[in-house]
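Working notes, beginning with the structure itself.
Read the figures in this text as sums done on the coordinates, not as results from a lab. This one's a predicted model, so the numbers in the text were calculated from it and none came from an experiment. Reconstructed Cβ throughout: ideal geometry from the backbone, glycine too, with neighbour counts over all protein chains shown.
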Amino acid sequence: MEYQKLGASCLNVSPICFGGNVFGWTVSEKDSFRILDAFLDAGFNFIDTADVYSRWADGNEGGESEIILGKWLKSRGRRGEIVLATKFGMDMGSDKVGLSPEYMATAVEASLRRLQTDYIDLYQSHKDDDGTPVAATLEAYAKLIEQGKIREIGASNFATNRLKEALDASAKEGLPRYQSLQPLYSLVERREYEGEMEDLCSEENIGVISYFSLASGFLTGKYRSSSDVHGRTRGSAVQKYMNEDGFRVVEALDAVAEKHSAKLGQVALAWLMARPSVTAPIASATNPDQLEELVSAADLILDPQDINKINEASSD
């Protein structure tokens, strides 16, 4: 397994990034520790979370994922082996939202406390904030880098023109530049990223960390009928994929998976990893068996025939 640079940054990352949104939501603290241990022991190093995870769950207020990660980091003593990414900017309540310098200074301290670390490898703008000039946000990031609190910066949920505006400001003003982008991207969500955004990321050497890489589990093949959706935590999220277009993709994944004696989710991740512009897809696991499937996907190499078959099934 080969690591690669995250854009033009100093960060070397594994080919799959573990999505920490499940910690404190669908995975208990005890099971989170077991999964994180296994992920690291398998040779992977890239973990992504956010301050807002998992504020959407009943009884949660945000920060639950970071808290669990922080406890794990403190108990294991392996901080230097990990590329730790988190995000800020989503609504945390009480006007705690956006990318202003003032809020960034508060948000980063809160994340550092929860994560029980003195630095964040990749600190990301979770969503754009058109009420804050891009240069002001980048200047605030520069201060955090100078203070040693963060190493690199990234963006998530940015439109192409706004990412380009930020990159231009970095070049013009000599400010830190976004080294990564987290876009919504999977075999059933291709339109938002492919085209102008993908071209910009390739031209500017921006590392791409795709989220919802398995479309909330739809691309694992476990949702094939209405009965499969009933009672599932993410059942409502996959309803939009359960149509002729979505099942055509699953059918293609079935065929390629059978050819390689692999699981559907492994093929879906392998397709993303084969995309030249993608650095590392984000994926989660809620138990050891799912984690084994996830990490094994890094060893699955698709041939051009496989990729063409999947592309034909998933094209608009």
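Observations on the structure shown:
- When Val278, Val238 are screened for being touching a helix residue (DSSP H, G or I) at 6+ places or on another chain (Cβ under 8 Å) and assigned to a loop (DSSP other than H, G, I, E, B), only Val278 passes.
- Verdict on Trp56 being more than 23 Å from Ser296 (Cα to Cα) and crowded, with 21+ Cβ neighbours inside 10 Å: no
- Answer residue from region 107-139, given it is touching a residue at least 40 places away in the same chain (Cβ under 8 Å) and hydrophobic (A, V, I, L, M, F, W, C) and is nearest to Leu163 (Cα to Cα) among those: Ala135
- Matching option when the condition is of a type in the set (Ser, Thr, Tyr) and without any contact (Cβ under 8 Å) to a residue 24 or more places away in the chain, among Ser28, Ser14, Ser9: Ser28
- Applying the condition of being among the charged types (D, E, K, R) and in a helix (DSSP H, G or I) to region 281-308 and asking which residue is surrounded by the most Cβ atoms within 10 Å (Cβ to Cβ) yields Asp306.
- Taken over region 190-209, the criterion of being free of Cβ contacts under 8 Å to residues at least 60 places away in the same chain and under 17 Å from Lys127 (Cβ atoms) is satisfied by Glu192, Tyr193, Met197.
- Verdict on Asp58 being in a loop (DSSP other than H, G, I, E, B), of a type in the set (D, E, K, R) and without any contact (Cβ under 8 Å) to a residue 24 or more places away in the chain: yes
- Of note, Phe218 satisfies the criterion of being without any contact (Cβ under 8 Å) to a residue 60 or more places away in the chain, surrounded by 19 or more Cβ atoms within 10 Å (Cβ to Cβ) and aromatic (Phe, Trp, Tyr).
- Within region 269-316, tally of residues that are among the polar types (S, T, N, Q) and farther than 17 Å from Glu194 by Cα: 6
- Residue among Thr86, Thr137 that alone is in a strand (DSSP E or B) and either surrounded by 23 or more Cβ atoms within 10 Å (Cβ to Cβ) or not hydroxyl-bearing (Ser, Thr, Tyr) (or both): Thr86
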